[in-house]
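**Q** Next up is a structure, given as structure tokens.
The values are calculated or read from the model by the stated rules, or taken from the named source; none is laboratory data. Since the structure is predicted, the reported quantities are computational estimates derived from the model, not experimental observations. We place every Cβ from the backbone using ideal geometry, glycine too, and count neighbours over all the protein chains shown. Accessible surface is based on the protein model in full, side chains and every heavy atom, while ligands, DNA and RNA are left aside. Shrake-Rupley method; radii C 1.70, N 1.55, O 1.52, S 1.80 Å.
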Amino acid sequence: MNPFVSGAIWLSVYLGIVLAPVLVLLLAPTPASGGFWWDVSMGLGYAGITMMAVQFVLTARFKRATAPFGIDVIYAFHRYLAYALLVLILLHPTILVIRDPAQLSAILTPWTVPFEVSAGTASLLLLLFIVGVSAFRKPLRIPYEPWRATHLLLSIGAVGFAFVHMFGIGYYTEAAAVQAIWVLIGFSLVAIVFYVRLLRPWRLLHRPFRVAEVQPELAESWMLAVEPLGHEGFDFEPGQFAWLTVRKSPFTMHEHPFSIASSPDPHGRIEFVIKELGDFTRTVGQIPPGTVAYVDGPYGSFSIDRHPEAAGYVFLAGGIGIAPMMSMMRALAERGDARSHFAFAAHSTWDRIPLRDQVLALRKELDLEVVHVLEEPPEEEEWGGEEGWITKELLDRYLPPERADYHYFICGPVPMIRAMEAFLKELGIEPGNVHTELFDMV
Ligand SMILES: Cc1cc2nc3c(=O)[nH]c(=O)nc-3n(C[C@H](O)[C@H](O)[C@H](O)COP(=O)(O)OP(=O)(O)OC[C@H]3O[C@@H](n4cnc5c(N)ncnc54)[C@H](O)[C@@H]3O)c2cc1C
């Protein structure tokens, strides 16, 4: 299905779910209204709680739902919706207090009011904490894994308190249709948590992989290959990524996303190229072959296979961003692709280019022009490559006249991605032909 059509369908589904509890009120017999602003406040509260529940769906990594957008877009959507739902939920008591300032004491002194009222305050405070800590996790230097576990537990708490608040107060929740829809939402929430935290890890546990090879690569990075143990592995599109768990149970939250750097293999072998960066990635070089690993994938929409109509492909990689490009270039070579392609690789020095020799070797099998752009090129006179950064002028010099018909894949540090997007726009490339992968989605 056309990605725009399926994207529109999923967006309509989202809006339908968020508005369902409010819309069903129009059908159900309702108690006497507390007035227009009272009803607005209730509607905002209901929409806010439903949005809180849907947040769990967005991060559940349902492949079919995330495919039209790409999972990084879904995570960004999750982040922005968190701000939106926080505003809606803050407006809910704000309107009530403006209408009747006496309500403020109920919020400020939760121990003096019935539990169902203070549950609302507890939910709001938890929500403020979750959103605040998530927004400032990096500046606060909170490690990823503890943050993720706490994020999940507190989010379940915030929704739980919101449900207690809503049903405890019981305003507009008496009609059977309204109750049915909330029961459905509550049940779906429990089912999602069950699926994500128990069922999916259990399935991964029964489809293990083993580490087949670990080889050093240039620029403090490692090639780690895994092979399926007793099953056929999974199909993927070149350029996609997977979550890797090594030396831990899939029930723990110690999984890391890595692009697949190899092309699809009939025996299910998968290669990653991993740059040493933090707690896990610094230990990759010490993983002995034979270690059991779990691979949850494939995910992502950063793939040439989504754009087969292209006149050719242009790969723009910064640093370890070459990994998904390698998968795509290898697949093109194996398919005997006859189109012309370009790979621009931006690195600091000649000795710090992961997969350098493998990319250069692909020129024998593929009509591929490789352009290395080095911040500090070698001193020797024979260096004939480019120096500095990838600029608009440099791209203009290399790209063919029919450049508008090519598709462009960019992966690297965020400033590089933004710069490339701007240059390509200035060079007249349609945004629909430009695809990006961010190695940082949380
Ligand atoms: C779609 C995608 C593809 C990627 N592909 C590659 C690749 O091919 N090669 C490569 O070297 N790196 C890749 N990365 C980056 C890689 O996931 C992180 O470098 C790695 O998870 C860091 O883990 P750490 O424990 O070593 O470092 P830490 O110091 O623990 O983490 C550093 C930062 O990495 C991010 N991170 C850590 N753990 C996770 C996690 N489980 N899920 C999401 N983000 C996390 C967080 O923002 C964290 O602040 C990719 C990232 C994404 C999102």
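**Q** Between Val133 and Thr391, with labels modelled 7 Å along Cα→Cβ, what's the label distance in nm to one decimal, could you check?
**A** Computed distance between label sites Val133 and Thr391 equals 4.7 nm.
**Q** Loop sites only, by DSSP: take the GluC sites (Glu not before Pro) in the chain that have at most 13 other C-beta atoms within 10 Å and name the longest stretch containing none of them.
**A** Working: sites that count: Glu174, Glu232, Glu309, Glu375, Glu379, Glu380, Glu381, Glu382, Glu402.
Answer from the scan: 1-173.
**Q** Turning to a different aspect of this structure: Spelling out what I want: for every residue of the range 383-397, take phi, set θ = phi - 60°, compute 6.51 cos²θ - 1.76 cosθ + 1.60 (Karplus), and round to whole Hz; glycine and proline get x.
**A** Once rounded to whole Hz, the list reads 4, x, x, 9, 10, x, 10, 7, 10, 4, 5, 5, 4, 4, 5.
**Q** Roughly how many whole Å is it from the C-alpha centroid of the range 200-237 to that of the range 30-76?
**A** Centre-to-centre distance over Cα atoms comes out at 36 Å.
**Q** Express in whole angstrom the spacing between the alpha-carbon centres of the range 386-406 and the range 77-149.
**A** 49
**Q** Probe radius 1.4 Å, ligands and nucleic acids left out: which of Val73, Val190, Val97 has the largest accessible area, and how do the rest follow? If you can, show how the numbers build up before the last one.
**A** Working: Val73 70, Val190 100, Val97 30 Å².
Ranked from most to least accessible, the order is Val190, Val73, Val97.
**Q** Considering only protein heavy atoms, with the full assembly of protein chains and a 1.4 angstrom probe, order Val159, Val87 by accessible area, largest first.
**A** Numbers: Val159 5, Val87 80 Å².
My answer, sorted largest first, is Val87, Val159.
**Q** Please list, ordered by chain and number, the residues whose modelled amide H lies under 5 Å from the amide H of Ala346; skip anything fewer than 5 residues away on the same chain.
**A** Amide H to amide H, under 5 Å and 5 or more residues apart or across chains, Ala346 pairs with Ala317, Gly318, Gly319, Val373.
**Q** A follow-up question, please. Is the range 306-437 rounded, prolate or oblate when judged by the Cα gyration tensor, a ≥ b ≥ c being the square roots of its eigenvalues, rounded requiring a/c under 1.5 and prolate requiring a/b larger than b/c?
**A** Taking the square roots of the gyration eigenvalues as a ≥ b ≥ c, the range 306-437 is oblate.
**Q** Per-residue accessible area for Asp39 at 1.4 Å probe radius, Å² rounded to 10?
**A** 50
**Q** Rounding to the nearest 10 and keeping the result within 0 to 90°, find how far the Cα-based axis of helix 414-426 lies from the longest principal axis of the chain.
**A** 80
**Q** Next question, about the same structure. State whether the range 209-299 is rounded, prolate or oblate according to the following rule on the C-alpha gyration tensor (a ≥ b ≥ c being the square roots of its eigenvalues): a/c under 1.5 gives rounded; otherwise a/b larger than b/c gives prolate, and the remaining case gives oblate.
**A** Values: a/c = 1.43, a/b = 1.22, b/c = 1.17.
Rounded is the answer for the range 209-299, as its axis ratio a/c remains below 1.5.
**Q** What pairs in Lys248/Lys275; Lys63/Lys248; Lys63/Lys364; Lys275/Lys425 have C-alpha atoms more than 27 Å from each other?
**A** Numbers: Lys248/Lys275 20 Å; Lys63/Lys248 24 Å; Lys63/Lys364 36 Å; Lys275/Lys425 30 Å.
Those over the limit are Lys63/Lys364; Lys275/Lys425.
**Q** Separate question: Under a 10 Å cutoff between Cα atoms, tell me which one of Gln286, Gln179, Gln240 has the largest fluctuation in the Gaussian network model of the chain.
**A** In this elastic network of the chain, the residue with the biggest mean-square fluctuation among Gln286, Gln179, Gln240 is Gln286.
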